[in-house]
Amino acid sequence: MPSDVIIDGARCLERIRRLYAAWRNNDGTDISTNDNGALHSVDAVVLIRGQKEEDFTYSKSAAMQTWLFGYEMHDVLVVFCHDSVIVFAGAKKVNYLKQIETEHNNKENVPRNFNFIIRKENDEKNLDEIIKEIKMSHQGKTLGIFAKDKMEGPFWQQWQNCLDRNSFETVDISSSIGYLIAVKDNEELGLIRKACEITGKLYSKHLKDQIINIVDSERKVKHSKLSEGLESALNDEKYVSSADANYVEMCYPAIVQSGGNYNLKFSATVDKNSLHFGGSSIICAFGIRYKSYCSNVVRTLLVNPSEEMKKSYQFLLDCEEVILRELKHDVPLCDVYKLVREKVAKERPELLSKMTTNLGTALGIEFRESTIAITSKCTAQAKKGMTFQVSIGFTGLENPDGKDEQSKVYALFIGDTIVVNEHESCTIYTSSKKDISHIAIILKDDDTQEDDADDTPVIVPRRAAAEKARTDPSVPEESRQEYQKGLLRKLNERAEVRLTSQGDKVSAEKARKINNSYKSEGQLPQDPDIQDLKLYMDKRYETLILPINGAPTPFHISTIKNVSLAVEGEYIYLRINFFHPGGIGKQADSIDKENVYIKELTYRASNDKKDDVVPASNNLSHIHKLILEIQKKYKDQEQERKQMEGVIKQDALVLNASKTNPKLKDLYIRPSLANKKINGTLEAHTNGFRYTSVRGDKIDILYSNVSHAFYQPCDNEMIILLHFHLKHAIVFGKRKQIDVQFYTEVGELTTDLGKHRNMHDKDDVLAEQAERDLRSKLKGAFQSFIDKVLQQKSFPFEFETPFRPLGFHGTPHRSMVLILPTTSCVVQLTEWPPLVIVLEEVELVHFERVHFQLKNFDMVFIMKDYSKKTQSIQAIPMAELDPIKNWLNSCDMCYTDGPQSLNWAKIMKTITDDLSGFFSQGGWTFLDAESDAEGEGGGGGEGSELEEDDYDPDEDESEEEGSDSDYSGEEDEDEVEEEDSASEVSENLGSDEESGKSWSELEEEARRDDAEKLDYDSDEASRSKKKGGASSKKSPVKSRKRPASSPPPMNGKKKKR
C-alpha cells in the first residue's frame, strides 16, 4: 500500500450510505429487478481480504474495497452491522481508515458509529467481541459473504476458524454488490474515460501500425510477440503522457488471432503462430486498467477482403449499432439480446449459429460482471451510469476466395466500452474508428485491374503506397493538385487548433538566465578595496563590484558584454559595456525591457607613480585581466551547460547473464570514440543494448530511449549498419548525441586507379567472389541479430529498412548523397553526419527554386513544432520532383512549391510572434504559388515581405551567381551560365592541352587573369555606385520586391570580361 495514501472520507461515507440504502431497500428500487434479494436477507455483511496473492486475480472483495476506500488492503476485516461498522486491521491501516470517521455525521442510512480494533498478537479476544457485535445485528444469524473469492494466509484462516466455532448461515451477495457498484458516479466515469483514451492510443498508434508494417514487409511475427510488445508499450510516455503511468496496467493479456484459428472469448490464450495476412481477418482485443478501472476494445483488420467479407463486416457493425441504440435505462438486458438475435435471424439467418452468445458484460473495477450480461437469460435492468464492454462477433465464416487453407476460414469480432444513458443511445468511450475504410488493408498485385476496385477508401501501407506512387507515372497533375489543396486546408485547420490552444507557447523564446550575485547585503565580501571604493572582482560569486556614486554596486559577469583598456597620456581608461535592450545579439533581445539598464561605464585612473606608492591604474589593469579570465570561465561553463541541455540520466542497464544473448562483433561506432576507428561488440540485454569497444569503453542504449531503429543492408553500399535515433540525447565522447550508429565495412572504400585491371584476372575474380560471400555472411549475421532481438519480450519497436527504389539524390549537409525514405522517416545513414527526419513531426514540405529553367531544386521540411529549425535537402535533380510529389501525395503529406529560396528563420519568427494573425490571413497558403490568397493580400502578402533580398531587374547577375555558388558541388551548372561558360572552358582546355605550356607560362597566364579580374571588379563597383544613385531618384511608388510566384531573374548570357 502506498505510503502517501489519503482516503477520501466523504466519498467513502457516501458509498457506505448507498450500501446501507440498498441493504435496507430504502433506495426505492424493485427487489425483483435489481438482484438485491440476497443482500436484503442477511444480518451483517463481511468484507475480508487475506494475504497478498502472487498473481493478480479479479475478486469481489478487492472490488468492494477499491470502491469504498480507493485502495486494496490485505489482512483487513470490515463487518457492516445494522447500526455500526467494525474495522479490524493493523495499526497503520486503522490510522488510514480513521479518516472516514472525521466525515461521520447523522445522515440517513449511515451507521451510528465506527468501531476500529487494532490487531495484536493474540486476537482471539478481539474476534470474540466482533462475533458478539454480529449476533446483536438484527437477528444475528445470517452473514453476507463473497463465496467465490479464494483467500489464503493466517489472518483469513483465523477468521474462518472463528466462524466455524459459531453456527452462522452464509449467503453469497456477489451479484447484489456487483449490481450496486455497476452504476458509476462522475469520478468513476472519468477514470474509465481516461483508461479508454490510453486504450485507443495503444491500438491506433502502436498495435495497428505494427500489424500494417508487418503485412507491408511480409515478415513473420508471432501472435505472442505482438501481445507482449503491446504490454511493453505501456512504458512509453507518448501513450500514457496524460495519465499517471504508475497506475496503468493491462486488464488481461492482449489477444491477437489470425489464420483460421479463432476463439472469440476474452479468456482465450494467445498462441505462438505467426501472423497470417493472406486474405483473412486479424482480430485484436485488449483492455487497459487505470487506477483499478477497466476498459476494453476489440477490432478486426481485414487483409484484401472480398466483397462478401465486407458485406458481413458491415452487417456486424449494424448489429452493434442495435445494441448501442436499445441499451437504455431500465431496459432488461435479455430484451437487447433478443432484438439483436431477431435482426440476424431476419436479415442473415446463416450467421445466427455463428454469433457469439454473450454480447457484453458490465465493466468497472472488475473486467467482467458475469451476473450483469447481455445474454438470453439475464433479466437485470440496465441503469443510467452503468458501463459495459459491448462485444459481438461471428466465427467460423467461410471465404471461398482464400488462397490457402488458413484464409478459407475467418472470423469477425468488434467491441467497445460504453456508458448507458437514460433516453439516448449509449455513449462510446473507445474512440478508435472501425468502419471499413479504417480496417481494410489492401495489398494490390502488379497485375491487379484498377477497374475492378471500388471507391471504398482503405488502409494502404506506406511502403506499398510509396512504391506504387514511384512506379506509376500516370497520376495526373490536376488530381494531385486538387488533393493537395484539400490537405493544405485541413493542415491549416489542425495547426490553428493545435497551436492557438497552447496559448502561443511556441512563440515564447527562452528567457535569458538571470544570475543573482548576492541574496543579501551580508554576502558582500568585506575587503579593504571595496571600502576604499576600488574596483573589485569576487571570484567566488563571479561578480564585479563597481563604485557608483560612492556605493559599491555588484554586477554579475553575465551582464558584461565586453571590456577594454586604453592608455591616454597620464591616465588609463577602463571601459565596461553591458548587455541592454536595443543592443545587438540574441542576449540583448531576451532581456526584460521593463527595467532600467546601464549601457556602459568608464573609469579613469592616474598612471603616475609618486613616493613609491602603487599607482591607481594598477587596480584597473588588474581588474581588466580578471574580468577577461572570469568571462572566459563563465562562457565555457555556459557552453558546457548548453551542450548538456536535453540530456537525461538513463536508467541502469539490466544485464542478461545468459551467454546466448544476441551479439554482433567487430562493429565500428559513429560518432567515433577517438581520433581513429575502434571496433567493438554490440550486445542486447534485458532492457537495452551495450556496446563495448576493444579498449574497454562502454556505451548503453536503453530500448525505452530509442525513437526509431534502422537496419540498412549492404546492397549497393560499402557498409552495413544499424542506426538508432534516440528520444533523449546521451553523452559520450564529451558531447551529447541523438544519433548512434554501428557499422562494418564490406569492401575496400578506396580503389587503386593506377593498377592495371583485366576482366579475366584470376585474383580479381577471386576477390569479387570473396566480397560477395562476405556481404552474404554479414547480411545473415545482422538479420539473425535483429530477429533474436525482436523476440525479446521487452523490445518495444521494430527495425525499419530504407526503400532504395524510392531514393533520390540531394545535399542535406556538405556532399551529394542518396536520400532514402523508410516507413516513418526520411533518412541518409551512409555518410556522417546522418539525416533522420521523422514524417510524423513534419507539418509541411516546401519545394524551393522550382523553375523550368533550373536543373535542381531544394526541399524544406517545416516541423509541427514551430520553435524547431526547418530542415532542408538542397540540389535535388529536377527529374526527381514528380516522383517525390507522388510519394508525398500517397503518404498524405502536404507540400507546396515556389520559385525562390526563402529566409525560413525570419518567416518562422514572424509566424510564432503572431500565430492567430498568421492563420487568420490564410496560414500556409502563402506558400502555394497558385493560391488565390496571394492576390488578395492574405497569407501571400506576408510571405512576399519575408523575401531575403529585394529584386532589381537592372542589377547585375552577381547576386544570382552568388546564390548558385552554394551548389557548386554539382556536376551541372544552371542554364543561365551554360552556353558561354561551356565554350570558355572548352577553349581553355583546348589551348592548355594542345599547346603544352610550361609551368612558368601557366603561372604568368594566371597572373594576367587575376589582374583582369581586379580591373573588372573595380569597374563593377563604380558601375553599381552610379546605379545606386540613379535608383534613389526613382519614383517611390514602384516596388522593387519580387512576388513569391514570379520566376527568378534570368538573363540571356553571362557578361564578357
Note, ARG772: beta-carbon cut-off 12 Å, +1 each Lys/Arg, -1 each Asp/Glu, net -1
per DSSP, antiparallel bridges as share of beta bridges in the range 9-182, % nearest 5, sits at 45
So TYR634 and LYS132, fully extended at 0.36 nm per residue minus their Cα-Cα distance, gain in nm 173.0 nm
Quick calc: nm separation of the 7 Å Cα→Cβ label points for ASP1009 and GLU600 -> 4.7
With 0.36 nm assigned to each residue of separation and the Cα-Cα distance removed, LYS141 to SER267 gains 41.5 nm
Net charge (Lys, Arg +1; Asp, Glu -1) of residues whose beta-carbon lies under 13 Å from that of TYR58, TYR58 excluded, is -2
For the range 186-441, averaging the sequence separation of alpha carbon pairs under 8 Å that lie six or more residues apart and dividing by its residue count, the contact order in percent is 22
Once amide hydrogens are built 1.01 Å from N within the peptide plane, the residues lying 5 or more places from GLU800 or on another chain with amide H under 5 Å from its amide H are ALA709, PHE710, TYR711
Expressed in nanometres to one decimal, the distance between label points 7 Å along Cα→Cβ at ARG641 and GLU477 is 5.5
Surrounding charge for MET908, neighbours by C-beta under 10 angstrom, Lys/Arg +1, Asp/Glu -1, total +3
Taking a ≥ b ≥ c as the square roots of the eigenvalues of the Cα gyration tensor, with a/c under 1.5 meaning rounded and otherwise prolate when a/b exceeds b/c and oblate if not, the range 9-182 is rounded
Where a ≥ b ≥ c are root eigenvalues of the Cα gyration tensor, a/c under 1.5 meaning rounded, otherwise prolate if a/b exceeds b/c and oblate otherwise, the range 186-441 counts as oblate
Length gained if LYS906 through ALA245 is fully extended, taking 0.36 nm per residue and subtracting the Cα-Cα distance, is 234.0 nm
Taking the range 817-925, the whole-percent share of alpha-carbon pairs separated by over 25 angstrom is 22
Site ASP172, offset 7 angstrom along Cα→Cβ, radius 12 Å on amide nitrogen, limited to the range 350-394, gives 370-371
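Quick note: the coordinates plus some simple rules give every number you see, no bench work behind them. Predicted model, so just to flag it, every value in this text is computed and none were measured. In this analysis, Cβ positions are derived from the backbone assuming ideal geometry, glycine residues included, and neighbour counts consider all displayed protein chains.
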